[in-house]
Amino acid sequence: MKGRKELYLLVGLLFLLAVAGYYFFSSRDDGTGLPGVLAADPKFEPLQIREPELRMDLLEKVRKLEYTGSHRNIFLATPALPPRPVGQTLAPTHAFVGPKVPPPPPPLQVPAEFFGFASEPYGGRRVAFFASGDDVLMVGEGETFLGRFRLDRVNNDFADVEELGTGRHTTLQLVQPPEQGANR
């Protein structure tokens with residue numbers, strides 16, 4: 001019984017589809033037999049122009065025209081320049097020099113003196129000694145000191161230091177500390 005109901009339902013839907021298709025195509029039929037293709041408007045009449053030709057004299061007149069209005073940028077919201085007196089040309093007030101190059105940054109100053117180094121006997125890791133005022137800092141390679149500097153490399157004569165905020169490098173030469181007093 002269930003199969004018969006489905007069959008009747010399918011036949012009914014196909015019938016409705018056929019009826020809808022017939023009304024759709026018969027209402028849009030314009031004589032071509034193709035739906036959606038429109039014929040030309042039967043009321044259209046082309047203009048009656050006899051011997052149209054290009055007027056070269058008018059074209060040359062338009063080509064020779066030159067704009068004499070104010071030459072202002074229409075995309076900027078600035079007022080227009082006052083009109084120039086006739087016969088007077090504007091002299092440039094200054095020559096273009098080019099883009100201004102900013103001055104180079106000042107050399108990096110580290111508020112400490114490099115006065116020695118030591119090598120660890122088992123790892124070969126080097127430790128540098130810096131004097132900052134009355135404080136002595138022991139800094140290993142790759143460590144930071146004074147909150148903004150990193151010791152990159154230590155050599156026999158110098159220490160390579162990088163400022164963390166800017167990435168600038170400087171080299172601090174080995175300085176001999178002044179002798180406090182001779183012990184004899």
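Roughly what would the spin-label model give for Phe75 and Met56, points 7 Å off Cα along C-beta, in nm?
3.9 nm
Got a sec to turn the phi values of the stretch 53-63 into Karplus ³J(HN,Hα) couplings, 6.51 cos²θ - 1.76 cosθ + 1.60 with θ = phi - 60°, whole Hz, x for Gly and Pro?
Ordered by residue, 3J(HN,Hα) equals 9, 7, 8, 5, 5, 5, 5, 5, 5, 5, 5 Hz.
What distance in nm separates the two pseudo spin-label positions at Leu10 and Asp135, each 7 Å out from Cα along the beta-carbon direction?
Roughly 9.1 nm, to one decimal.
Once phi is turned into ³J(HN,Hα) by the Karplus curve 6.51 cos²θ - 1.76 cosθ + 1.60 with θ = phi - 60°, what whole-Hz value does each residue of the stretch 137-143 show in order, with x for glycine and proline?
Values per residue, Gly and Pro as x: 10, 9, 10, x, 4, x, 8 Hz.
Any chance you could run the full-extension gain for Thr68 through Ala18? It's 0.36 nm times the residue separation minus the Cα-Cα distance, nm to one decimal.
Here the segment from Thr68 to Ala18 would lengthen by 10.9 nm.
Taking Lys5 as the anchor, which lysines have their alpha carbon closer than 24 Å to its alpha carbon, excluding any fewer than eight residues away along the same chain?
none
Would you mind getting me the FRET efficiency between Glu143 and Lys100? Use the beta-carbon distance for r and R0 = 30 Å, nearest 0.05.
With a Förster radius of 30 Å, E is 0.15.
Just to check I understand the Karplus step: with θ = phi - 60° and J = 6.51 cos²θ - 1.76 cosθ + 1.60, what whole-Hz values come out for the stretch 114-122, glycine and proline as x?
8, 10, x, 8, 9, 10, 6, x, 9
Out of residues 5 or more away from Phe117 or on other chains, whose amide H comes under 5 Å of its own, with H placed 1.01 Å from N in the peptide plane?
Distant-sequence amide H within range of Phe117: Phe129.
Any chance you could tell me what percent of the C-alpha pair distances in the stretch 113-173 go past 15 Å?
In whole percent, the long-distance tail amounts to 46.
Laboratory data are not the source of any read-out in this text; all were calculated from the coordinates shown. Quantities reported herein were computed from a predicted structural model and do not represent experimental measurements. Backbone-built Cβ (ideal geometry, glycine too); neighbour counts: all protein chains shown.
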